[in-house]
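Visitor: Have a look at this one.
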Amino acid sequence: MASRSSNALNRPTKLIAALGAVVLAAAACSSSGTTASSPPSQANAGQTTAGSGSGAAPTVTVETHSGPLGTYLTDGHGMSLYMFASDTPSKSSCTGQCLSYWPPLTEKATAAGGAKASMLGTVTNGTKQVTYGGHPLYTYAGDKSPGETNGQGSNNFGAMWWLLAPSGQPITGASGGASSSSSSSGGGGGGWS
């Protein structure tokens, strides 16, 4: 009887130990060395990481796209790249809430197509941002598909937003919305100017 009583006392202990092991295993699975982050922003939609997991620096390709507004810069996925008229070659002036609408291009950049590698550079204002022809580069959260130019000509956060030509000069024409065969329900400046 003593051994039966001893086994009865060990059952809760074994059950607690088993539950503890399950909890630890679950915690280990959910903590795989990464930290929780917010959902990916539109800025990340066009960025690629070369050698992800191999220790290589993330990179993005700056290339060109042609549409009704002419030839302008895009990232490697065809997402339009913009400049902010109040920026200078040494300082990005888009901060705070501005960055949620106009995410900066912050990866290491390479040039392809009509984009010129000699025009690429960086500016550091908390993070290292890619520049082209001295203009810090941004994507626009209102562009949902490659080829859209919904941010073109927007007057947001105190200055104008323009696409950039491969020459490094702003394209100051009116918004084209979608500049490819993809459809666009947006237009103009995103509705918050």
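Visitor: Name the residue that is farthest from Tyr140 (Cα to Cα), counting only residues in segment 56-100 that are aliphatic (A, V, I, L, M) and under 16 Å from the mean Cα position of the chain (by Cα).
Guide: Ala57
Visitor: Filtering segment 138-155 down to residues that are closer than 17 Å to Val62 by Cβ and of a type in the set (Gly, Ala, Ser), which residue is modelled with the lowest pLDDT?
Guide: Taking the candidates together, the pick is Gly147.
Visitor: May I ask you to list the residues in segment 132-160 that are surrounded by fewer than 22 Cβ atoms within 10 Å (Cβ to Cβ) and assigned to a strand (DSSP E or B)?
Guide: Residues satisfying the conditions are Asn155, Asn156, Ala159, Met160.
Visitor: Here's a follow-up. Output yes when any residue across segment 118-131 is surrounded by 20 or more Cβ atoms within 10 Å (Cβ to Cβ), among the small types (Gly, Ala, Ser), out of contact with any Asp or Glu (no Cβ under 9 Å at 6 or more places or on another chain) and in contact (Cβ under 8 Å) with a residue 12 or more places away in the chain, and no when none is.
Guide: No, that holds for no residue.
Visitor: Can you find a residue in segment 54-65 that is in a loop (DSSP other than H, G, I, E, B), hydroxyl-bearing (Ser, Thr, Tyr), modelled with pLDDT under 50 and farther than 30 Å from Gly151 by Cα? Lay out the reasoning, then the answer.
Guide: Of the residues in segment 54-65, the ones in a loop (DSSP other than H, G, I, E, B) are 54-58.
Imposing the further condition that a residue be hydroxyl-bearing (Ser, Thr, Tyr) reduces the set to 54.
With the extra rule that they be modelled with pLDDT under 50, the set shrinks to 54.
Keeping just the survivors that are farther than 30 Å from Gly151 by Cα gives 54.
Yes; the residues of segment 54-65 include at least one that is in a loop (DSSP other than H, G, I, E, B), hydroxyl-bearing (Ser, Thr, Tyr), modelled with pLDDT under 50 and farther than 30 Å from Gly151 by Cα.
Visitor: May I pose another question? Please specify each residue of segment 94-104 satisfying the condition of being without any contact (Cβ under 8 Å) to a residue 60 or more places away in the chain, part of a helix (DSSP H, G or I) and of a type outside the set (Gly, Ala, Ser).
Guide: If the condition is that a residue be without any contact (Cβ under 8 Å) to a residue 60 or more places away in the chain, part of a helix (DSSP H, G or I) and of a type outside the set (Gly, Ala, Ser), then Cys98, Leu99 are the ones that fit.
Visitor: Which residue is modelled with the highest pLDDT, if the candidates are limited to segment 80-93 and must be in a loop (DSSP other than H, G, I, E, B) and buried (at least 24 other Cβ atoms within 10 Å of the Cβ)?
Guide: The residue in question is Leu81.
Visitor: Kindly indicate whether Glu107 is modelled with pLDDT under 95 and crowded, with 17+ Cβ neighbours inside 10 Å.
Guide: Yes.
The values are calculated or read from the model by the stated rules, or taken from the named source; none is laboratory data. Please read all numbers here as calculations on a predicted model, not as lab measurements. Please note: Cβ atoms are built from the backbone with ideal geometry, for glycine as well, and neighbour counts cover all protein chains shown.
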